[in-house]
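The structure under discussion appears below in the form of C-alpha cells.
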Amino acid sequence: MKNSSIWELDFYSRPIFDENQKKIWEVIICESPTKSDCSPDSLFKYTEFCSSKTVNSIWLKEAIEKAIAEAGTSPKKIRFFRRQMNNMITKACDDAGIVAAPSRRTYVLEQWLQARYDDVYPQEPGYDPKAANSASVKYPPLNAISLPDAVRGDKKDRWAFVSLEASAFAEMAEWEIGFGESFPLSLMDISPETKIPGFIVFSPRSVPLAAWMSGLEMGYLKLESGDRSKLRLETGASDSWILANLTNEKTLAEAKGFAEAKQQANNVHFLAIQASPESESFAGFWLLKE
C-alpha cells in the first residue's frame with residue numbers, strides 16, 4: 001500500500017482543557033504538496049484528539065494507521081517540525097513502518113495549524129485563550145557549517161541572485177529538472193505578477209550537488225548579515241549550511257535585495273542548480289518558503 005506521497009504531522013497539546021484541567025492533545029496529519037500543479041483541495045487531511053493520559057508512541061502509531069486506512073495508502077515518509085517530539089514521533093513512525101523526517105518543509109501543516117488556532121480550537125469546550133497565546137514555537141538561532149568537501153564548489157562555480165514572475169511557475173511541471181520539489185503557489189496567496197526571488201548555482205558538478213541536496217529536508221534560504229555575511233541553506237529541523245559567503249559590497253547588496261523580495265513574496269523563493277548559465281535544464285530546483 002506504499003506510494004510516493006509525503007505526509008506532514010504534528011502531535012502536541014492544544015489550548016483546550018478537559019474536566020480535570022489537563023490539556024487535550026491532538027494529532028494532525030496532512031499531505032505535502034510536492035508538485036506545482038497539484039490541487040490544494042485534493043490534499044489528504046486527518047485529525048484526532050487525544051487524552052493526556054494516553055500520550056505515547058503506541059497511541060500515535062495507531063492514529064497513523066487509522067489515517068493510512070482512511071487515505072487508502074501509506075506515505076513514503078512523514079515530516080514533522082517539533083524537535084521536542086522527535087523521539088515519540090520517530091518511534092511511532094518506525095513502528096508503523098514509515099520513515100520519520102525532522103523538517104522545516106511543513107508549509108501546509110503550519111498553515112492548517114494556524115487556521116485551527118484561529119477558527120477551530122476557540123469553539124471547543126475548555127478552550128483557554130491564554131494557553132493559545134503562549135503556544136508559539138521558538139528555537140534558538142543555529143550556527144551554519146560549510147558544505148561537505150564532496151560537494152563543495154571550486155573556482156569554476158558561479159552563482160547569481162535572480163527572480164521569476166509567479167506566473168512562470170504554472171509551467172514548472174514541463175521543466176526538465178533532475179532533482180527537486182515544489183508546491184502550488186496558490187497555497188501561499190501569491191498573485192501571478194509577484195516576483196519570486198531565487199538563487200542559482202552554476203557548477204560543472206551540478207548533478208552530484210543536486211543529488212546530495214535531494215537527500216536533505218530542504219527548508220529555506222536565509223541571509224545572515226554581519227562581519228562575515230553569508231547566505232545560509234536551512235535544512236532538516238536544525239541543520240544550517242553556508243551556501244555562499246558574501247565577501248564584497250556588490251554581492252551583499254544583491255543578497256539584501258533578495259531578502260527584501262522574499263519578504264514581499266510571502267517568504268516564497270527558490271534554489272536552482274545548473275551546469276552553466278547556457279543550460280536549458282536544471283540539475284536541481286526547489287521551491288522554498290521560510
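When Ser206, Ser225, Ser279 are screened for being closer than 21 Å to Ala173 by Cα and in contact with a helix residue (DSSP H, G or I) (Cβ under 9 Å, 6 or more places away or on another chain), only Ser279 passes. I need the full set of residues from segment 97-117 which are free of Cβ contacts under 8 Å to residues at least 60 places away in the same chain and closer than 17 Å to Trp25 by Cα, in order please. Those that are free of Cβ contacts under 8 Å to residues at least 60 places away in the same chain and closer than 17 Å to Trp25 by Cα: Glu110, Gln114, Ala115. Within segment 240-260, if we keep just the residues that are closer than 21 Å to Ala272 by Cβ and of a type in the set (Asp, Glu), the residue that is surrounded by the most Cβ atoms within 10 Å (Cβ to Cβ) turns out to be Glu254. Only one entry in Ser214, Ser206, Ser238, Ser163 is within 21 Å of the chain's Cα centre (by Cα), farther than 26 Å from Cys30 by Cα and of a type in the set (S, T, N, Q), namely Ser163. Just to verify a result, which residue in segment 172-181, among those that are outside any strand (DSSP E or B) and under 22 Å from the mean Cα position of the chain (by Cα), is surrounded by the fewest Cβ atoms within 10 Å (Cβ to Cβ)? This residue is Ala173.
Residues in segment 62-96 that are of a type in the set (D, E, K, R), within 18 Å of Trp25 (Cα to Cα) and within 17 Å of the chain's Cα centre (by Cα): Arg82, Arg83. Answer yes or no: is there a residue in segment 53-61 that is hydrophobic (A, V, I, L, M, F, W, C), modelled with pLDDT of 95 or more and assigned to a strand (DSSP E or B). No: segment 53-61 contains no residue that is hydrophobic (A, V, I, L, M, F, W, C), modelled with pLDDT of 95 or more and assigned to a strand (DSSP E or B).
Residues that are crowded, with 20+ Cβ neighbours inside 10 Å, more than 16 Å from Thr34 (Cβ to Cβ) and not hydrophobic (A, V, I, L, M, F, W, C) do not occur anywhere in segment 182-193. For segment 67-106, filtered to residues that are assigned to a helix (DSSP H, G or I) and of a type in the set (Gly, Ala, Ser), the residue that is nearest to Ser182 (Cα to Cα) is Ala71. Scanning segment 194-204 for residues that are over 20 Å from Glu290 (Cα atoms) and either in contact with a Ser or Thr (Cβ under 6 Å, 6 or more places away or on another chain) or surrounded by fewer than 20 Cβ atoms within 10 Å (Cβ to Cβ) (or both) yields Phe202, Pro204.
For Lys77, indicate whether it is surrounded by fewer than 20 Cβ atoms within 10 Å (Cβ to Cβ) and touching a residue at least 24 places away in the same chain (Cβ under 8 Å). Yes: the conditions hold for Lys77.
The values are calculated or read from the model by the stated rules, or taken from the named source; none is laboratory data. Note that the structure is a prediction, hence the values are computed from the model and not measured. Because the Cβ atoms are built from the backbone with ideal geometry, glycine has one as well, and the counts that use them run over all protein chains shown.
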